[in-house]
Amino acid sequence: MQKIKNYFSGRTAVTNSLLIVMLIVFLAETFDGGSTNIATLLKYGASFNPLIVLGNQWWRLFTAQFVHIGILHLASNAVIIYYVGSILEPMIGPWRFLSVYLLSGVGGNLLSFAFASDLATSAGASTALFGLFGVVIALAIKLRRYTPIAMVGKQLFILAALNLFLDLFISHIDIFGHIGGLLTGFLLGIVISGGVNKSIYSNKIRVLALVGLIIYVVFTLRTGMVLTN
(Lines give C-alpha, C1' and ligand atoms only; values in the text may rest on other atoms or scores of the structure.)
Protein backbone atom coordinates (compact mmCIF):
# COMPACT_ATOMS: atom_id res chain seq x y z
CA MET A 1 0.00 0.00 0.00
CA GLN A 2 2.86 2.36 0.86
CA LYS A 3 4.50 1.68 -2.50
CA ILE A 4 1.29 2.63 -4.29
CA LYS A 5 1.06 5.82 -2.23
CA ASN A 6 4.65 6.73 -3.07
CA TYR A 7 3.96 6.08 -6.75
CA PHE A 8 1.39 8.87 -6.80
CA SER A 9 3.12 11.29 -4.42
CA GLY A 10 6.74 11.25 -5.60
CA ARG A 11 8.64 13.65 -7.82
CA THR A 12 7.10 12.06 -10.93
CA ALA A 13 3.54 11.70 -9.63
CA VAL A 14 1.99 13.38 -12.69
CA THR A 15 4.04 11.30 -15.12
CA ASN A 16 3.03 8.11 -13.32
CA SER A 17 -0.63 9.16 -13.19
CA LEU A 18 -0.70 9.94 -16.92
CA LEU A 19 0.75 6.52 -17.69
CA ILE A 20 -1.89 4.86 -15.51
CA VAL A 21 -4.68 6.74 -17.32
CA MET A 22 -3.25 5.69 -20.69
CA LEU A 23 -3.13 2.05 -19.55
CA ILE A 24 -6.71 2.14 -18.23
CA VAL A 25 -8.00 3.59 -21.50
CA PHE A 26 -6.05 1.01 -23.49
CA LEU A 27 -7.45 -1.88 -21.43
CA ALA A 28 -10.95 -0.49 -21.91
CA GLU A 29 -10.37 -0.37 -25.67
CA THR A 30 -8.97 -3.90 -25.69
CA PHE A 31 -11.96 -5.42 -23.91
CA ASP A 32 -14.50 -3.33 -25.82
CA GLY A 33 -13.88 -4.23 -29.43
CA GLY A 34 -10.10 -4.07 -29.69
CA SER A 35 -7.58 -1.24 -29.76
CA THR A 36 -7.21 -1.44 -33.54
CA ASN A 37 -10.94 -1.29 -34.23
CA ILE A 38 -11.85 2.12 -35.71
CA ALA A 39 -15.28 2.16 -34.08
CA THR A 40 -13.71 1.46 -30.69
CA LEU A 41 -11.06 4.14 -31.18
CA LEU A 42 -13.73 6.69 -32.02
CA LYS A 43 -15.82 5.59 -29.06
CA TYR A 44 -12.94 6.30 -26.69
CA GLY A 45 -12.08 9.69 -28.14
CA ALA A 46 -9.80 9.37 -31.17
CA SER A 47 -9.63 12.41 -33.43
CA PHE A 48 -11.71 12.34 -36.63
CA ASN A 49 -12.31 15.62 -38.43
CA PRO A 50 -15.89 15.06 -39.66
CA LEU A 51 -17.03 14.24 -36.12
CA ILE A 52 -15.17 17.24 -34.73
CA VAL A 53 -16.55 19.74 -37.24
CA LEU A 54 -19.95 18.34 -38.22
CA GLY A 55 -20.64 16.64 -34.89
CA ASN A 56 -19.29 19.53 -32.83
CA GLN A 57 -17.12 17.05 -30.88
CA TRP A 58 -14.22 19.39 -30.14
CA TRP A 59 -13.26 17.41 -27.06
CA ARG A 60 -11.62 14.86 -29.37
CA LEU A 61 -8.71 17.27 -29.82
CA PHE A 62 -8.02 16.65 -26.12
CA THR A 63 -9.00 13.00 -25.61
CA ALA A 64 -7.13 11.61 -28.64
CA GLN A 65 -3.84 11.83 -26.73
CA PHE A 66 -5.02 9.11 -24.32
CA VAL A 67 -6.14 6.63 -27.00
CA HIS A 68 -3.67 4.16 -28.54
CA ILE A 69 -3.76 1.85 -31.53
CA GLY A 70 -2.22 -1.46 -30.48
CA ILE A 71 0.10 -2.44 -27.64
CA LEU A 72 3.31 -1.39 -29.43
CA HIS A 73 1.89 2.09 -29.96
CA LEU A 74 1.16 2.38 -26.24
CA ALA A 75 4.44 0.82 -25.07
CA SER A 76 6.71 2.94 -27.27
CA ASN A 77 5.05 6.16 -26.14
CA ALA A 78 4.90 5.14 -22.48
CA VAL A 79 8.59 4.25 -22.21
CA ILE A 80 9.79 7.58 -23.61
CA ILE A 81 7.20 9.60 -21.66
CA TYR A 82 8.46 7.97 -18.47
CA TYR A 83 12.07 8.77 -19.36
CA VAL A 84 11.43 12.42 -20.27
CA GLY A 85 8.94 12.89 -17.42
CA SER A 86 11.43 11.62 -14.84
CA ILE A 87 13.75 14.46 -15.88
CA LEU A 88 11.35 17.27 -16.74
CA GLU A 89 8.65 16.98 -14.07
CA PRO A 90 11.02 17.45 -11.09
CA MET A 91 12.61 20.37 -12.92
CA ILE A 92 9.52 22.44 -13.77
CA GLY A 93 7.11 21.11 -11.15
CA PRO A 94 4.02 18.88 -11.43
CA TRP A 95 1.47 21.53 -12.45
CA ARG A 96 3.60 23.07 -15.17
CA PHE A 97 4.47 19.59 -16.40
CA LEU A 98 0.80 18.56 -16.54
CA SER A 99 -0.11 21.79 -18.33
CA VAL A 100 2.55 21.55 -21.03
CA TYR A 101 1.84 17.85 -21.53
CA LEU A 102 -1.90 18.26 -22.05
CA LEU A 103 -1.65 21.50 -24.05
CA SER A 104 1.03 20.02 -26.31
CA GLY A 105 -1.24 17.06 -26.97
CA VAL A 106 -4.00 19.44 -28.03
CA GLY A 107 -1.53 21.54 -30.02
CA GLY A 108 -0.33 18.52 -31.95
CA ASN A 109 -3.88 17.41 -32.68
CA LEU A 110 -4.70 20.92 -33.91
CA LEU A 111 -2.05 20.82 -36.65
CA SER A 112 -3.25 17.35 -37.62
CA PHE A 113 -6.82 18.70 -37.62
CA ALA A 114 -5.74 21.47 -39.98
CA PHE A 115 -3.57 19.60 -42.48
CA ALA A 116 -3.95 15.80 -42.22
CA SER A 117 -6.53 13.94 -44.27
CA ASP A 118 -10.06 14.58 -43.05
CA LEU A 119 -10.74 10.85 -43.36
CA ALA A 120 -7.86 9.84 -41.08
CA THR A 121 -8.43 8.64 -37.53
CA SER A 122 -5.72 10.02 -35.25
CA ALA A 123 -4.80 8.89 -31.75
CA GLY A 124 -1.84 8.56 -29.42
CA ALA A 125 0.24 10.35 -26.82
CA SER A 126 3.03 11.11 -29.29
CA THR A 127 1.61 14.61 -29.79
CA ALA A 128 2.12 15.30 -26.09
CA LEU A 129 5.44 13.44 -26.09
CA PHE A 130 6.82 15.63 -28.86
CA GLY A 131 5.61 18.58 -26.81
CA LEU A 132 7.81 17.40 -23.94
CA PHE A 133 10.69 17.22 -26.41
CA GLY A 134 9.97 20.83 -27.35
CA VAL A 135 9.91 22.01 -23.74
CA VAL A 136 13.24 20.36 -22.93
CA ILE A 137 14.83 21.77 -26.09
CA ALA A 138 13.56 25.28 -25.30
CA LEU A 139 15.03 25.12 -21.80
CA ALA A 140 18.28 23.46 -22.92
CA ILE A 141 19.00 26.23 -25.43
CA LYS A 142 19.32 28.72 -22.58
CA LEU A 143 20.72 26.36 -19.94
CA ARG A 144 23.79 25.20 -21.84
CA ARG A 145 25.98 25.63 -18.77
CA TYR A 146 23.74 23.24 -16.87
CA THR A 147 25.25 20.10 -18.37
CA PRO A 148 22.52 17.51 -17.58
CA ILE A 149 19.59 19.37 -19.18
CA ALA A 150 21.77 20.55 -22.07
CA MET A 151 22.84 16.97 -22.77
CA VAL A 152 19.27 15.67 -22.59
CA GLY A 153 18.14 18.53 -24.83
CA LYS A 154 20.65 17.51 -27.50
CA GLN A 155 19.55 13.88 -27.24
CA LEU A 156 15.87 14.75 -27.60
CA PHE A 157 16.56 17.16 -30.47
CA ILE A 158 18.29 14.35 -32.36
CA LEU A 159 15.52 11.90 -31.43
CA ALA A 160 12.79 14.31 -32.57
CA ALA A 161 14.58 15.09 -35.84
CA LEU A 162 15.17 11.38 -36.55
CA ASN A 163 11.54 10.54 -35.81
CA LEU A 164 10.24 13.31 -38.06
CA PHE A 165 12.56 12.15 -40.85
CA LEU A 166 11.35 8.55 -40.52
CA ASP A 167 7.73 9.77 -40.43
CA LEU A 168 8.17 10.83 -44.06
CA PHE A 169 8.63 7.21 -45.11
CA ILE A 170 6.22 5.38 -42.81
CA SER A 171 2.55 5.20 -43.73
CA HIS A 172 -0.18 5.77 -41.16
CA ILE A 173 2.08 8.04 -39.06
CA ASP A 174 0.63 11.45 -38.26
CA ILE A 175 3.64 13.68 -38.90
CA PHE A 176 1.50 16.79 -38.52
CA GLY A 177 0.60 15.77 -34.98
CA HIS A 178 4.28 15.31 -34.16
CA ILE A 179 5.32 18.65 -35.64
CA GLY A 180 2.43 20.43 -33.97
CA GLY A 181 3.23 18.91 -30.59
CA LEU A 182 6.92 19.80 -30.91
CA LEU A 183 6.17 23.41 -31.89
CA THR A 184 3.56 23.84 -29.16
CA GLY A 185 5.88 22.38 -26.54
CA PHE A 186 8.77 24.58 -27.63
CA LEU A 187 6.69 27.75 -27.35
CA LEU A 188 5.21 26.61 -24.03
CA GLY A 189 8.72 25.91 -22.78
CA ILE A 190 9.60 29.54 -23.41
CA VAL A 191 6.38 30.78 -21.80
CA ILE A 192 6.79 28.77 -18.58
CA SER A 193 10.54 29.31 -18.33
CA GLY A 194 10.10 32.24 -15.95
CA GLY A 195 8.83 29.85 -13.32
CA VAL A 196 11.96 27.74 -13.67
CA ASN A 197 14.62 30.43 -13.87
CA LYS A 198 13.78 34.09 -14.47
CA SER A 199 16.99 34.65 -16.40
CA ILE A 200 16.26 32.02 -19.08
CA TYR A 201 14.11 34.06 -21.46
CA SER A 202 13.21 37.74 -21.23
CA ASN A 203 9.61 38.77 -20.63
CA LYS A 204 9.51 40.14 -24.18
CA ILE A 205 10.45 36.77 -25.67
CA ARG A 206 7.96 34.99 -23.42
CA VAL A 207 5.14 37.32 -24.50
CA LEU A 208 6.06 36.80 -28.16
CA ALA A 209 5.94 33.03 -27.62
CA LEU A 210 2.49 33.34 -26.05
CA VAL A 211 1.27 35.48 -28.96
CA GLY A 212 2.70 32.89 -31.34
CA LEU A 213 0.71 30.18 -29.57
CA ILE A 214 -2.51 32.17 -29.85
CA ILE A 215 -1.93 32.78 -33.57
CA TYR A 216 -1.17 29.08 -34.03
CA VAL A 217 -4.41 28.01 -32.32
CA VAL A 218 -6.55 30.45 -34.31
CA PHE A 219 -4.90 29.53 -37.61
CA THR A 220 -5.19 25.76 -37.16
CA LEU A 221 -8.79 25.98 -35.99
CA ARG A 222 -9.83 28.14 -38.95
CA THR A 223 -7.97 25.91 -41.41
CA GLY A 224 -9.32 22.68 -39.96
CA MET A 225 -12.91 23.91 -40.06
CA VAL A 226 -12.87 23.49 -43.84
CA LEU A 227 -13.35 19.81 -44.71
CA THR A 228 -11.69 18.96 -48.00
CA ASN A 229 -10.97 15.23 -48.23
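The values are calculated or read from the model by the stated rules, or taken from the named source; none is laboratory data. Since we're looking at a predicted model, the values are computed, not measured. Here Cβ is always computed from backbone atoms with ideal geometry, including for glycine, and neighbour counts include all displayed protein chains.
Can you work out which of the residues in region 60-83 that are touching a residue at least 60 places away in the same chain (Cβ under 8 Å) and surrounded by 22 or more Cβ atoms within 10 Å (Cβ to Cβ) is farthest from Met22 (Cα to Cα)? Filtering first and then ranking leaves Ala64.
For Tyr146, the conditions (1) buried (at least 18 other Cβ atoms within 10 Å of the Cβ); (2) modelled with pLDDT under 95 are fulfilled apart from (1). Just so you know, in region 4-54 the residues that are assigned to a loop (DSSP other than H, G, I, E, B) and hydrophobic (A, V, I, L, M, F, W, C) include one that is modelled with the lowest pLDDT, and it is Phe8. Among the residues of region 173-184, those that are within 16 Å of Leu139 (Cβ to Cβ) and either among the hydrophobic types (A, V, I, L, M, F, W, C) or surrounded by fewer than 24 Cβ atoms within 10 Å (Cβ to Cβ) (or both) comprise Leu182, Leu183. Just so you know, in region 159-203 the residues that are part of a loop (DSSP other than H, G, I, E, B) and of a type in the set (Val, Ile, Thr) include one that is modelled with the highest pLDDT, and it is Ile173. Criterion applied to Leu164, Leu187, Leu168, Leu156 was being closer than 22 Å to Leu72 by Cα, surrounded by 21 or more Cβ atoms within 10 Å (Cβ to Cβ) and touching a helix residue (DSSP H, G or I) at 6+ places or on another chain (Cβ under 8 Å), and the one residue passing it is Leu156.
Being touching a strand residue (DSSP E or B) at 6+ places or on another chain (Cβ under 8 Å) and among the aromatic types (Phe, Trp, Tyr) is the filter here, so list the residues in region 104-131 that pass it. Scanning region 104-131 gives a single hit, Phe113.
Against the numbered list (1) surrounded by fewer than 18 Cβ atoms within 10 Å (Cβ to Cβ); (2) assigned to a helix (DSSP H, G or I); (3) touching a residue at least 60 places away in the same chain (Cβ under 8 Å), Ala128 comes up short only at (1). Please name all residue pairs, on different chains or six or more residues apart, with Cβ atoms under 9 Å, provided the first residue is in region 32-59 and is touching a residue at least 12 places away in the same chain (Cβ under 8 Å) and within 19 Å of Leu102 (Cα to Cα) and the second residue is surrounded by fewer than 13 Cβ atoms within 10 Å (Cβ to Cβ) and of a type in the set (Ser, Thr, Tyr). From region 32-59, no pairs qualify.
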